[in-house]
Amino acid sequence: MRQLPEILVKNPVLAGLSPSDQQETVRLARVRSYLKGEKIILYGDVWPHLFMVKSGEIEAIKESGEGRILRVVSFLAGELFWGLAFFHENAPMPVTLGAREDSQIYLWARDAILPLLLRNGQASWELSRLMAERMQRASEILEGLAFQPVAGRLARFLLDNFDTASDSAISRDLTLDDIAAHIGTTREMVCRALYSFSDKKLIEVTRTEFVLTDREGLARMVERG
């Protein structure tokens with residue numbers, strides 16, 4: 001019997017399949033490779049597939065008519081996502097999916113894997129839970145964009161990155177355009193807000209990093225939104 005890749009076994013949705021259906025899931029999977037910046041599927045296309053990130057990072061983005069980009073969410077190794085047409089026939093993609101770095105995904109066509117999900121109640125339940133979590137996250141993003149000023153969104157973004165780094169300094173790996181895409185604004189607004197934070201002594205901006213100097217003050221910027 002073919003050995004199941006550990007990354008598949010650990011996923012709550014696929015772990016809910018019976019052993020024989022897990023084997024069938026592996027058999028049905030198609031591995032696809034993408035270079036950094038390469039698109040997987042474009043906004044508006046019909047794409048009835050489910051995928052799991054094998055390696056790298058896949059991002060979902062929305063682009064306005066003026067060319068502004070909002071990075072909605074990113075998926076790392078072991079995470080699942082789907083085209084809207086996986087659940088609703090002929091439904092167009094609400095986002096563009098692309099590789100944020102060199103990546104590989106496991107890909108399943110709807111017609112191939114849906115029968116396995118339908119006959120395994122635990123797997124279907126876990127997929128429903130995952131969809132609910134994604135809906136909650138989307139609601140939080142929309143709420144932030146609708147009701148929180150740019151300064152508050154940027155402050156939250158910086159605090160999240162400081163927490164992830166477990167340090168008072170984070171490298172300036174992201175460009176102003178990257179940060180703007182994360183918080184749904186323009187690079188000019190990001191630049192203005194960053195130097196406003198610097199003037200208020202909330203952060204120190206250097207050529208290579210952002211240094212946190214007043215966590216409570218930065219947190220108050222979030223609360224004001």
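Coordinate-derived values only; no laboratory data. Keep in mind that what you see is a predicted model, and the values were worked out from it rather than measured. Positions of Cβ are backbone-derived with ideal geometry, glycine not excepted, and every protein chain shown enters the neighbour counts.
Which whole-number percent is the relative contact order of the stretch 53-129 (Cα, under 8 Å, 6+ apart)?
35 percent
To the nearest 20 debye, what charge dipole does the stretch 148-224 have about its Cα centre, counting +1 at the Cβ of each Lys and Arg and -1 at the Cβ of each Asp and Glu?
280 debye
Going by how many other beta carbons lie within 10 Å of each one, how would you line up Asp163, Asp21, Asp111, fewest first?
In increasing order of surrounding Cβ atoms, one gets Asp111, Asp163, Asp21.
Could you tell me the ratio Rg/Rh of the stretch 17-91? Both radii from Cα atoms, Rh via Kirkwood.
1.01
Could I have the simple spin-label model distance between Thr175 and Asp160, label points 7 Å from Cα toward Cβ, reported in nm to one decimal?
Distance between the two pseudo-spin positions: 2.1 nm.
Given the rule -39500 (n - 2.57) for each run of at least 4 DSSP H residues, summed and divided by the residues of the chain, what is its mean residue ellipticity at 222 nm, to the nearest 500 deg cm²/dmol?
-13500 deg cm²/dmol
Let me have the relative contact order for the chain, percent, based on Cα pairs under 8 Å that are six or more residues apart.
Computed value for the chain: 21 percent relative contact order.
Rounded, prolate or oblate, given the Cα gyration tensor of the stretch 148-224, with a/c below 1.5 counting as rounded? List each step's numbers first, then the result.
Values: a/c = 1.34, a/b = 1.08, b/c = 1.24.
The shape class here is rounded.
Note down the nm distance, to one decimal, between modelled labels 7 Å out along Cα→Cβ at His88 and at Ala219.
So the label points at His88 and Ala219 sit 4.0 nm apart.
Lys36: which lysines have alpha carbons under 16 Å from its alpha carbon, excluding same-chain residues fewer than 8 sequence positions away?
Within the straight-line cut-off, Lys36 pairs with Lys54.
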